[in-house]
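Notes follow the structure.
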Amino acid sequence: MSISEELFARAQELIPGGVNSPVRAFRSVGRSPFYTASAEGCRLRTVDGAELIDYVLTWGPAIFGHNDAEIRAAVSSAVERGLGFGTNGPAEVRMAELIRQCVPVVEKVRMTNSGTEATMSAVRLARGFTGRSKIVKFAGCFHGHVDSLLVKAGSGALTFGNPDSAGVTPGVAADTLVLEYNDAAGAEEIFAKFEEEIAAVILEPYPGNVGLLLPEPGFLEKLRELCTQHGAVLIFDEVMTGFRLSLQGTMGLHPVRPDLVCLGKIIGGGLPVGAFGGRADIMDRLAPLGPVYQAGTFCGHPVSLAAGIAALEKLLRDNPYPQLERAGRCIRDAVTTAAEEKGMPLRFHQCGSMFTFFFSEKPVRNYRAVLASDPEPFRKIFREALDAGVFLPPSPYESAFLSTAHDARAVEKTVEVLTAAIAKC
Ligand SMILES: *Cc1c(COP(=O)(O)O)cnc(C)c1O
């Protein structure tokens, strides 16, 4: 038994499923999970002594790779000043300035402890602002484990959502309307039917939690138009894409602007964080100015913010996005060519430092198509790659991430490993 296997056996006695977040159990790739001893740059070192080139990157935050020296120094000096204040601290003002400077539409911003808290609070705020109940979400878009957002199922454009998770009551789910991503006509129908009942439309503008999906021309524009026309709040959940695809998140790549935006992951520099912000007239409905309550013991925590500020200042200074795009394309081109040679129906979706590959004869434009794709080749490639020292996301339905620490040598090795794994399929 390896040390990882021994730890996982003990963990399963103590922690449900052995894990503190389900995907870490590796169930959808048919492997026992490894345990990480330490992480540096683009590599994880397991407790069994293996070195893995990491494409999970703590699920997105580590855009400079693991344990970045500048972020670590900022954290150390914050820790010297105290482990938390419970009062206001200067880092909160600096972080708000940085977010407003970079992210269009953010006039005011609130910090939370996680992306889940950000989306939960943004939805509550939208409901409080509009005085309406219903929200529209898109199948396959993940917004953390908020009750009203753990709803995705139901075929057809106008179905009421069924809860995805036990413990979410039908009453809560009934106010969540679910559409397929890229379904502009469905959005028109739903607004025609519910008109002035819809408080908000929330989506990942470039969904990254079903693998990576990309918006078709006119789709986001249609959502913007409908929300404006009917007085609903458009919420972009950019917890994953914010500061990853560009300094403006998806808004650096696409002209559509939401009313509110949710952030997390990268803005914590590796520590737990979230934020939501947007139009001042909406944000000012929050307590203590307005009637919508939102709070938190650790919100705006000085150590998380020190890490996040260091990360954002480094992104502003270095502009790593062209370099990340080149690395993403290099992997895309190599994997696409290998699959073509093998005659495999590969669909490689890549945007900057995010990528996913699906095995599907048809284009993958929504959640239904993701579920219809063949997960088996990915599972095989995952296992082959892991044995060869490359750690892809342990699920066919998660986006992979690149960091600036993935240097030419790491990318070259990854290309070798992935093309060999595809050849073996
Ligand atoms: C990760 C993620 C969340 C949840 O953030 P947590 O910090 O894990 O609560 C919400 N939305 C999106 C798009 C995410 O990728």
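Of the candidates Met344, Met283, Met354, which one comes out as most mobile in a Gaussian network treatment of the chain with C-alpha springs shorter than 10 Å?
Between Met344, Met283, Met354, it is Met344 that shows the largest mean-square fluctuation.
Roughly how many percent of the accessible protein surface of the chain is carbon and sulfur, given a 1.4 Å probe and a whole-percent answer?
Result for the chain: 53 percent of the exposed heavy-atom area is carbon or sulfur.
Of Lys424, Lys137, which has the most accessible area and how do the rest follow, probe 1.4 Å?
Ranked list, largest accessible area first: Lys424, Lys137.
How large is the accessible surface per residue of segment 69-317, computed with a 1.4 Å probe and reported in Å² as a whole number?
38
Which chymotrypsin sites (Phe, Trp or Tyr not before Pro) does segment 59-95 hold that lie in a coil by DSSP with at most 15 other beta carbons within 10 Å?
Passing sites in segment 59-95 are Phe85.
How big is D for segment 69-317, in µm² s⁻¹ as a whole number, if Stokes-Einstein is applied with the Kirkwood radius of its Cα pairs at 25 °C and 0.890 mPa s?
Estimated via Stokes-Einstein, D reaches 134 µm²/s.
Apply the Karplus parameterisation 6.51 cos²θ - 1.76 cosθ + 1.60, with θ equal to phi minus 60°, to every residue of segment 257-262 and state each ³J(HN,Hα) to the nearest whole Hz, in sequence, with x for glycine and proline.
10, x, 8, 10, 9, 9
So what are the ³J(HN,Hα) numbers for segment 233-243, from phi and the Karplus equation (6.51, -1.76, 1.60; θ = phi - 60°), rounded to whole Hz, Gly and Pro as x?
Karplus-based 3J(HN,Hα) across segment 233-243 equals 8, 8, 10, 8, 8, 10, 4, 8, 8, x, 6 Hz.
With every protein chain kept in the model, how would you rank Tyr321, Tyr55 by accessible area, 1.4 Å probe, largest at the top? Walk me through the numbers before you get to the answer.
Working: Tyr321 25, Tyr55 0 Å².
Correct descending sequence by accessible area is Tyr321, Tyr55.
Could you work out which residue, out of Gly268, Gly290, Gly60, moves most in a Gaussian network model of the chain, that is, has the largest mean-square fluctuation with Cα springs under 10 Å?
Gly290
Separation of segment 243-264 and segment 275-341 by C-alpha centroid, Å?
Here the answer is 9 Å between Cα centres.
What number do you get for the chain when its Cα radius of gyration is normalised by 2.2 N^0.38 Å, N = residues?
Dividing the Cα radius of gyration by 2.2 N^0.38 Å gives 0.97.
From the phi of every residue in segment 370-381, what ³J(HN,Hα) in whole Hz does the Karplus formula 6.51 cos²θ - 1.76 cosθ + 1.60 yield, where θ is phi - 60° and glycine or proline is x?
In residue order, the calculated couplings are 4, 5, 7, 6, 8, x, 4, x, 4, 4, 5, 4 Hz.
With N denoting the number of residues in segment 197-306, provide Rg(C-alpha) divided by 2.2 N^0.38 Å, to two decimal places. Show your work: numbers first, answer last.
Details: Rg = 15.0 Å, N = 110, 2.2 N^0.38 = 13.1 Å.
So the Cα radius of gyration is 1.14 times the expected 2.2 N^0.38 Å.
Would you grab the residues whose amide H sits under 5 Å from the one on Val103? Only those 5+ places off in sequence or on another chain, please, with H modelled 1.01 Å from N.
The list, which skips near neighbours in sequence, is empty: none.
The values are calculated or read from the model by the stated rules, or taken from the named source; none is laboratory data. Quick caveat: nothing in here was measured; it's all calculated off a predicted structure. FYI the Cβ positions are ideal-geometry reconstructions off the backbone, even for glycines, and counts take in every protein chain you see. Each accessible area value is taken on the protein alone, full model and side chains, heavy atoms only, with ligands, DNA and RNA left out. Shrake-Rupley method; radii C 1.70, N 1.55, O 1.52, S 1.80 Å.
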